[in-house]
Amino acid sequence: VHHSGFTYDANVGPFVAMFKCAHSVVPGTLARKEFWFFQVLHIAVWCVFNYGNWPRGDDGEPAQYTRLDWNDVKVITALTTFFEVFYTNQCFGRYMHLYTITRLLFVQA
């Protein structure tokens with residue numbers, strides 16, 4: 001199949017097709033400065049925390065502002081899950097509506 005500069009060869013194996021990323025979001029993502037900034041920031045914080053250089057309290061535990069209690073995130077987790085499911089359902093509904101209209105056009109043509 002050839003469409004707008006992209007050639008798909010069904011004869012190649014799934015692993016070859018899976019690792020072709022020229023016509024995906026990967027090159028655009030890797031070219032962004034923001035991606036590399038947050039990647040380096042994440043690795044730096046991870047290294048500092050896991051190699052013992054993170055600020056600690058008198059009891060040897062991580063400082064109070066670095067601990068996260070499950071009770072503090074219950075509500076935001078529930079809301080995030082609800083909105084994610086709601087948004088996904090809305091997208092699927094729009095897709096199914098467009099699919100139905102397209103199929104009707106093919107039947108009438």
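The values are calculated or read from the model by the stated rules, or taken from the named source; none is laboratory data. Nothing here was measured: the structure is a model prediction, and the numbers come from that model. Here the Cβ is made from the backbone with ideal geometry for all residues, glycine too, and neighbour counts use every protein chain on show. For the accessible areas, the whole protein counts, side chains as well, though only heavy atoms, and no ligand, DNA or RNA atoms are used. Shrake-Rupley method; radii C 1.70, N 1.55, O 1.52, S 1.80 Å.
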Among the residues listed as Leu105, Leu79, the single one being open to solvent by 100 Å² or more (accessible area, probe 1.4 Å) and not β-branched (Val, Ile, Thr): Leu105
Hits in the stretch 8-23 - residues which are assigned to a loop (DSSP other than H, G, I, E, B) and either in contact (Cβ under 8 Å) with a residue 60 or more places away in the chain or exposed (fewer than 10 other Cβ atoms within 10 Å of the Cβ) (or both): Ala10, Asn11, Gly13, Phe19, Ala22
